[in-house]
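S.K.: Please find one structure pasted underneath; my questions will follow.
The values are calculated or read from the model by the stated rules, or taken from the named source; none is laboratory data. All figures in this text were calculated on a predicted structure; none of them were measured in a lab. Glycine also receives a Cβ, built like all others from the backbone with ideal geometry; neighbour counts cover every protein chain displayed.
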Amino acid sequence: MVLCLFFEKSPCVRYCLLRSVMLHNTWRKEAKAMSKYSTGEVAKLCSVTVRTVQYYDTRGILIPSELSEGGRRLYSEDDLKRMKIICFLRELDLPIGAIAQILKEEHPEKVISLLIEQQETALSDEITDKEEKLLKLRELKNGLKGKTEFSLETIGDIAVIMEGKKKLKKLHLMMLLTGLPLTALQCFSIIFWIVKGIWWPFMIWLLAAIPWGILISRYYFAHVKYICPECHEVFKPTLKEAFWANHTPTARKLTCTSCGHKGFCVEVWGGDGE
């Protein structure tokens, strides 16, 4: 409180204090403007070698602001910022010539912004690709579990299964979604028949279900094939045999068209039905 009153009633003290603050700020700005860095200091701050900084000088993309009396390169704050931008662009695998052209642009920050977006997209795609490869490796590893002995044919079979696994799932999902309305209609028609004694809704369902069953079966078996566990050949059975064969969610009991083996064969994606 005493200091505040003293400050208010003493113009001389107030002037001196304000003058000191202004001089301090001016000194800080001048000190910052006068900051100079040697080649070694720039290299250390940017995590590169001294030769790299010297090389950029010879290529004309990082010219020092001045030279000392002894001929040493001296770099300013702006030079240091420019060096950091160059390092960033080099990490994006841009050649020196391209960097030089970018830095000569009137608004290089706009070009750099676009490069950042492109790099982000590229890295995202790369991560997706790596994740897919990792998933394939894990599926292959899981497929080989429990097999005391396996051959190249076994690995080949697993590779074929993995290749069309996503497409096969989509095919199963499509069949499920198209069959749900008919299933709902079937339940409704049966309940209606039992409760009300009206049978014609069931006949409507039957007239819709039979053509749908024929069409969906033809479509399904046109897009799947089977791997024989004996000869490891991929084959396509007849529609009649496939339709009436005993089956599990992933295999059907079929006769191999190559070796004649009859047993459960693994279902795989068979292409676009061409």
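S.K.: Within region 200-220, identify whether any single residue is among the β-branched types (Val, Ile, Thr) and assigned to a strand (DSSP E or B), and answer yes or no. So that I can check it myself, show each step before the final result.
M.R.: To start, the set of residues in region 200-220 that are among the β-branched types (Val, Ile, Thr) comprises 204, 210, 214, 216.
Adding the requirement that they be assigned to a strand (DSSP E or B) leaves none.
Checking region 200-220: not a single residue is among the β-branched types (Val, Ile, Thr) and assigned to a strand (DSSP E or B).
S.K.: Filter region 132-161 down to residues that are acidic (Asp, Glu) and surrounded by 10 or more Cβ atoms within 10 Å (Cβ to Cβ) and give me whichever is modelled with the highest pLDDT. Before you say what the answer is, go through the steps one by one.
M.R.: Narrowing region 132-161 to residues acidic (Asp, Glu): 132, 139, 149, 153, 157.
Checking the rest, the ones that are also surrounded by 10 or more Cβ atoms within 10 Å (Cβ to Cβ) come to 132, 139, 153, 157.
Numbers: 132: 79, 139: 70, 153: 59, 157: 59.
Restricting to residues being acidic (Asp, Glu) and surrounded by 10 or more Cβ atoms within 10 Å (Cβ to Cβ), the top hit is 132.
S.K.: Among the candidates 189, 217, single out the residue that is in contact (Cβ under 8 Å) with a residue 24 or more places away in the chain and out of contact with any strand residue (DSSP E or B) (no Cβ under 8 Å at 6 or more places or on another chain).
M.R.: Details: 189 fails: in contact (Cβ under 8 Å) with a residue 24 or more places away in the chain.
One residue alone meets the criteria, 217.
S.K.: If you don't mind, there's one more thing I want to ask. Output the residues belonging to region 223-243 that are over 20 Å from residue 173 (Cα atoms), outside any strand (DSSP E or B) and either in contact (Cβ under 8 Å) with a residue 24 or more places away in the chain or in contact with a Ser or Thr (Cβ under 6 Å, 6 or more places away or on another chain) (or both). Let's see the steps before the verdict.
M.R.: Within region 223-243, the first condition is being over 20 Å from residue 173 (Cα atoms), and the residues that meet it are 227-241.
Okay, now just the ones that are also outside any strand (DSSP E or B), so 228-233, 236-241.
Once the filter is applied, which keeps residues that are over 20 Å from residue 173 (Cα atoms), outside any strand (DSSP E or B) and either in contact (Cβ under 8 Å) with a residue 24 or more places away in the chain or in contact with a Ser or Thr (Cβ under 6 Å, 6 or more places away or on another chain) (or both), region 223-243 yields 228, 229, 230, 231, 232, 233, 236.
S.K.: From the set of residues in region 60-100 that are of a type in the set (S, T, N, Q) and at pLDDT 85 or above, which is farthest from the chain's Cα centre (by Cα)?
M.R.: Going residue by residue through region 60-100, those that are of a type in the set (S, T, N, Q) are 65, 68, 76.
Then keep just the ones that are at pLDDT 85 or above; that gives 65, 76.
On the way: 65: 43, 76: 40 Å.
It comes out as 65.
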